[in-house]
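Note sheet for the following structure.
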Amino acid sequence: MRFATWEAEGRVQAGVVEAAGLHALPDGRSILDLVRAGLPAALEAGAAALDGPAVPLGSVRLLPPLTPPTVRDFVAFEEHVEGIVAGNGEAVVPEWYQAPTFYFTNPYALVGAHDDVAVPPGSQRFDFELEVAVVVGRDGASLTPETAREHVFGYTIFNDWSARDLQFREMAVKLGPAKGKDSATTLGPWLVTADELEPYRDADGFLALDMRVSVNGEQLGQDLLSNMGWPFEELISYASRGTEVRAGDVLGSGTCGNGGCLAELWGRHGATAPPPLRPGDVVEMTVEGLGTIRNRVVEGLDLPPVAPARPRSRARTRTS
């Protein structure tokens, strides 16, 4: 089943997507409410919604399918990491293979499947990232990978928009990313329940979904989701290790390889080709079984430059 959240005539509704359009949940619950209720209850509520009238998909603004408590983003594709460091003549560091790595990103910066996306203030190297996210369906702590599969509610497309110049400056300080990543993340177009994607699961437990991204109609990247270094169950297990995950948490796969972002292509080409995103560019991503998102890049805010730090004076003394 496919669940969506949308806005029409100033009203936000949630419900089920099918060929005839959008069917609102009759009780006004959100998709996060359904996720917290559990997949069986959500499917039952969705089936009940199908008895109601359909709203044409083209008549609404799609919002992110849900408002997650937290958003983590992993870096689970070896080819992506390899491409990023290739420009420096480096190889994938051994630490990447030891455990899945992630950072927390901004749950307040989520945008819908067709919303405009502004260039972050001060950035000249704006980039997209083609990913898939898993949505956790049950609370849990220190989960095994086997148990983690029972905690999967569904999946959605995840575009982790990235200001590469800001990101690389931050990470040179051995921290982050922070402002390089928190301006926008597209989720959508809807949340597809886990049962729909089981036919794509391969013998190794990975979802073999085709992933593609284009800019202004030109395809720049294509990969299979099954090229991840770890399946989603391993990512959930690691995220919960010594702590907890909660229903509604979103975990991104990290950027796929073979042109999943511009920075990978820059690393492989040794130059900023294709060029960074500019206002007017349209980025479209399609993932098999999940749908298509399409966002236009627009001008961002023109803010004053950030003040540099005051260097520490060696002549200053501490007073007790």
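The values are calculated or read from the model by the stated rules, or taken from the named source; none is laboratory data. Nothing here was measured: the structure is a model prediction, and the numbers come from that model. Quick reminder, even Gly has a Cβ in these numbers, built from the backbone with ideal geometry, and neighbours come from all protein chains shown. These accessible areas exclude ligands, DNA and RNA; they are computed on the full protein's heavy atoms, side chains included. Shrake-Rupley method; radii C 1.70, N 1.55, O 1.52, S 1.80 Å.
Count of the range 108-136 residues, restricted to those that are touching a helix residue (DSSP H, G or I) at 6+ places or on another chain (Cβ under 9 Å), open to solvent by 10 Å² or more (accessible area, probe 1.4 Å) and not in a loop (DSSP other than H, G, I, E, B), is 0.
Among the criteria (1) in a helix (DSSP H, G or I); (2) closer than 16 Å to residue 165 by Cβ, the one residue 268 does not fulfil is (2).
From the set of residues in the range 178-196 that are of a type outside the set (Asp, Glu) and outside any strand (DSSP E or B), which is most open to solvent (accessible area, probe 1.4 Å)? Looking at residues that are of a type outside the set (Asp, Glu) and outside any strand (DSSP E or B), I get 179.
Close contacts from the range 286-310, counting a first residue that is within 30 Å of residue 58 (Cβ to Cβ) and assigned to a loop (DSSP other than H, G, I, E, B) and a second that is of a type in the set (Asp, Glu) and open to solvent by less than 100 Å² (accessible area, probe 1.4 Å), with Cβ to Cβ under 7 Å and a gap of 6+ residues or different chains, come to 288/210; 289/196. Counting only helices (runs of 4 or more DSSP H) wholly contained in the range 1-105, the ones carrying 2 or more residues that are touching a residue at least 24 places away in the same chain (Cβ under 8 Å), in contact with a Gly (Cβ under 7 Å, 6 or more places away or on another chain) and open to solvent by less than 70 Å² (accessible area, probe 1.4 Å) occupy 31-37, 39-49, 78-86. Can you tell me which residue in the range 148-177 is nearest to residue 256 (Cα to Cα), limited to those that are open to solvent by 40 Å² or more (accessible area, probe 1.4 Å) and without any contact (Cβ under 8 Å) to a residue 12 or more places away in the chain? The extreme case among them is 171.
Scanning the range 203-213 for residues that are touching a residue at least 40 places away in the same chain (Cβ under 8 Å) and crowded, with 17+ Cβ neighbours inside 10 Å yields a total of 5. Contact map, the range 228-255: first residue over 19 Å from residue 78 (Cα atoms), second residue in a helix (DSSP H, G or I) and among the β-branched types (Val, Ile, Thr), Cβ cut-off under 8 Å, separation 6 or more or different chains; pairs are 237/147; 245/236; 247/35; 248/35.
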